[in-house]
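The values are calculated or read from the model by the stated rules, or taken from the named source; none is laboratory data. Small disclaimer: the values here were computed from a predicted structure and weren't measured. Quick reminder, even Gly has a Cβ in these numbers, built from the backbone with ideal geometry, and neighbours come from all protein chains shown. Surface accessibility is based on the protein's heavy atoms, side chains included, excluding ligands, DNA and RNA. Shrake-Rupley method; radii C 1.70, N 1.55, O 1.52, S 1.80 Å.
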Amino acid sequence: MESASGWIRKSIVPLLGLTLTVALVGQVRSLKMRSTATTGSASPHASAPMGAAMPAPGAGRVTAEGRLVTYPGAQVVVATDVAGTLSRLLVKERDHVRKGQLLAELRADDVRAEIAEQQARVSEAEADIRFADSDVDRADRLLAAKVGTQATADRSRSNRDAAHARRETALAAVRRLQAVLAKSRLTAPIEGVVLERNVHSGEHLEAGAQLVTLADLRRTRIEAEVDEFDAGRVALGAPVEVTAEGYDGRSWRGRVEEIPDAVVNRRLKPQDPGRPSDTRVLLVKIALSESSPLKLGQRVEVEIGRR
């Protein structure tokens, strides 16, 4: 029989060989992984992952749609404050008007008649005042001569005070009616062009009815709807290029002059009813650096560069 020590030697030798083989394989794999990692991080020409987007030319520019609008206060709607019949409308569309020019007039014959009536009452009250002044003087003289009575003198003063009050009331009525009459004459609040005429002579108008729309076409700018995700890429003073359909090959320069502090819903493109969380926009204002043939309200495309 084989001795116990010989059996142990035969069992341990193969086990040691297997252990050494496993350790050697693990060391080789570790060295390969280190080499790959070092080579990948150090190589300046390492290839990008499959499908990674390369920076496109002009990636720093923002494109958006917009419209030509007027500056605040450069477009107004002229409306009537009082009801009445329009007797005259003195302008038509595309007419150029000056500030303060008469545009329309409402029929106001009844108001003029009331003014005349109140002015007559003013004259009547002034006559009563002159008589009351004389009566007060006479009553004071009689009282001083101990011929008249104190009651008579007091009554004379009361009549004079009442005449003064009647005159003030009539004067207030005249001023009120003159204000109404002034509202029957509608004048241009700004210099500009008549964009729209909504009424015609002979129409009966309710208070607040809109007559004409005026705009100063010398004071226009672009209002662009910039996607809210591009808001951080737009800066004040940044250069802008404006183009529009129908003007092939033509463009106009501008600059960003106003960036609002809040985003709003889209106006040019309707909100998608299927996406209630649709992207909102920033209404960036752009001043044109040169004249253009663009029409008020016309849709344009803008490309905003870096400042």
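Quick notes
- Radius 12 Å from Cβ of Ser289, net charge of other residues (Lys, Arg +1; Asp, Glu -1): 0
- Surface composition of the stretch 103-247: carbon and sulfur atoms hold 50% of the protein heavy-atom accessible area at a 1.4 Å probe.
- Counted charge near Ala170, where neighbours are those whose Cβ lies closer than 13 Å (Asp, Glu -1; Lys, Arg +1): -1
- Here the stretch 212-252 is scanned for amide nitrogen atoms under 15 Å from the site 7 Å beyond the Cα of Tyr71 along Cα-to-Cβ, giving 215-223.
- Radius ratio Rg over Rh of the stretch 174-273, counting only Cα atoms, Kirkwood formula for Rh: 1.13
- For trypsin sites (Lys or Arg not before Pro), the sites in the stretch 79-151 that DSSP calls loop and that have at most 16 other Cβ atoms within 10 Å are Lys92, Arg94, Arg98, Lys99, Arg107, Lys146.
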